[in-house]
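I am attaching a structure below and will ask some questions about it afterwards.
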Amino acid sequence: MHAWIGRFGSHLTHERRLSGHTVAAYLHDLRELEQFCTARKIARWSALGHAHVRTFAAASHAGGLAARSIQRRLSAVRTFFEFLVREGCCTSNPGEDVRAPKLKKRLPTTLDADQMGRLLAFRAEDSLSARDKAIMELFYSSGLRLSELVGLDLSALDLADRTVRVLGKGAKSRVLPIGRFAVEALRQWLAERALLLGPAVAADLVGAVFVGRGGRRLTSRAIQLRVSLWARRQGLGVHLHPHMFRHSFASHLLESSGNLRAVQELLGHADIGTTQIYTHLDFQHLAKVYDVSHPRARRRPS
């Protein structure tokens with residue numbers, strides 16, 4: 001049973017080309033399922049039935065696992081058994097039609113335009129601040145995922161054309177526009193980058209757009225820490241993480257254009273239902289405007 005989990009991991013990495021984070025999460029869930037099977041003396045995957053998977057989900061819920069995590073866990077089980085059926089190890093998928101607990105609808109957190117302006121209103125005085133400003137301007141300008149920005153190479157940038165080519169989920173490529181402020185910040189960083197690296201840097205390290213002092217590609221964690229640092233420096237008073245730039249990009253673009261399909265394309269969402277969450281944010285904005293502006297909505301002064 002354990003060997004099949006390893007083969008599935010290779011399938012996700014090399015055939016499906018999922019991110020390392022997603023692969024690690026799926027494999028963790030399947031190891032939990034393996035322990036569940038061991039405790040019940042289930043010795044092969046083909047012996048696992050629909051009732052077992054339902055019990056596994058219920059036990060996860062009883063153990064305090066969040067509804068979203070149980071949903072991902074069941075997704076891992078279904079995808080795993082699709083693979084096992086394809087490979088001839090099983091004849092059916094016991095994860096089908098097993099439902100996770102309902103998710104509480106949570107709207108993504110965004111910065112408003114004033115907060116974003118305050119965050120980015122600093123002059124880059126050295127190489128690190130130039131790099132950090134370019135990172136944040138590009139995040140907000142083009143709505144990149146963190147993994148897309150981390151994996152960005154110099155060959156993907158076309159500053160003359162003001163576009164960037166990114167590799168998104170499922171190894172799908174898309175070309176995105178870059179705003180004027182982001183282009184200026186990137187030009188300044190690339191000049192600093194050339195001075196920072198120098199000619200002695202190994203050829204395999206030169207391709208990354210965003211690097212540290214040692215010339216190595218910045219990690220996701222390093223970018224998270226730098227973004228959080230600038231939020232504190234600029235006095236935002238919120239816990240800022242990289243995905244908030246993407247949420248803010250989508251929300252502000254939808255507020256201005258009302259074009260949901262265009263926002264979907266720019267974000268790289270396969271399903272427009274994923275993009276529709278930003279219509280709720282847009283409605284919240286409109287509701288606030290209504291409450292403040294409409295004669296029948298305004299509260300009387302006390």
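Summing +1 for each Lys or Arg and -1 for each Asp or Glu, what net charge is found among the other residues whose Cβ lies under 11 Å from the Cβ of residue 19?
+3
Can you give the charge dipole size of the chain about its Cα centre, rounded to the nearest 20 debye, using +1 on the beta carbon of Lys and Arg and -1 on the beta carbon of Asp and Glu?
900 debye
Okay, moving on. Provide the net charge surrounding residue 36, with neighbours chosen by a C-beta distance below 13 Å and charges set as Lys +1, Arg +1, Asp -1, Glu -1.
Charge balance near residue 36 sits at +2.
Which number gives the lysine pairs in the chain that have C-alpha atoms under 28 Å apart and are eight or more places apart or on different chains?
Here the count comes out as 8.
Which one, (i) 33, 54, 10, 3, 0; (ii) 30, 58, 12, 0; (iii) 27, 48, 24, 1, gives P(r) over Cα pairs in 20 Å bins from 0, in percent as derived from the coordinates shown?
(iii)
Determine the gain in length on full extension of the stretch residue 224-residue 69; use 0.36 nm per residue of separation and subtract their C-alpha separation, reporting nm with one decimal.
Between residue 224 and residue 69, full extension yields 53.6 nm more.
What's the extension gain from residue 46 to residue 21 if we count 0.36 nm per residue and subtract their Cα-Cα distance?
Length difference between fully extended and current span is 6.2 nm.
Another question, if that's okay. Using helices alone, what [θ] at 222 nm do you get for the chain, with -39,500 (n - 2.57) per DSSP H run of 4 or more residues, divided over all residues and rounded to the nearest 500?
-17500 deg cm²/dmol
State, to one decimal in nm, how far the label point of residue 213 lies from the label point of residue 109, with both points 7 Å from Cα in the Cβ direction.
With each label placed 7 Å out from Cα toward Cβ, I get 3.0 nm.
So what's the angle, to the nearest 10 degrees on a 0 to 90 scale, between helix 67-86 and the longest Cα principal axis of the chain?
For helix 67-86, the angle is close to 60 degrees.
Also, quick follow-up: With each label point set 7 Å from Cα along the Cα-Cβ vector, what nm distance links residue 96 and residue 34?
2.6 nm
Between beta-carbons, use under 12 Å as the cut-off and find the net charge around residue 72, counting Lys and Arg +1, Asp and Glu -1.
Surrounding charge for residue 72 is +1.
Just in the stretch 88-150: which trypsin sites (Lys or Arg not before Pro) are loop by DSSP and have at most 12 other Cβ atoms within 10 Å?
In loop regions of the stretch 88-150 (DSSP not H, G, I, E or B), the sparsely surrounded trypsin sites (Lys or Arg not before Pro) are 99, 102, 104, 105, 106, 123.
Once both labels are modelled 7 Å past Cα along the beta-carbon direction, what's the residue 7-residue 89 spacing in nm?
0.6 nm
For residue 236, put the label point 7 Å out on the Cα→Cβ axis and report which residues of the stretch 172-196 keep their amide N under 19 Å from it.
Under cut-off, by backbone N: 179, 181-183, 185-186.
Rounded to the nearest 0.05, what FRET efficiency do residue 123 and residue 61 have when you use their Cβ-Cβ distance and R0 = 45 Å?
About 0.30, to the nearest 0.05.
Every number here is computed from the coordinates shown, using simple stated rules; none is lab data. Everything numeric in this text was worked out from a predicted model, so none of it was measured. For neighbour counting, all protein chains shown are included, and Cβ atoms are generated from backbone atoms with ideal geometry for every residue, glycine included.
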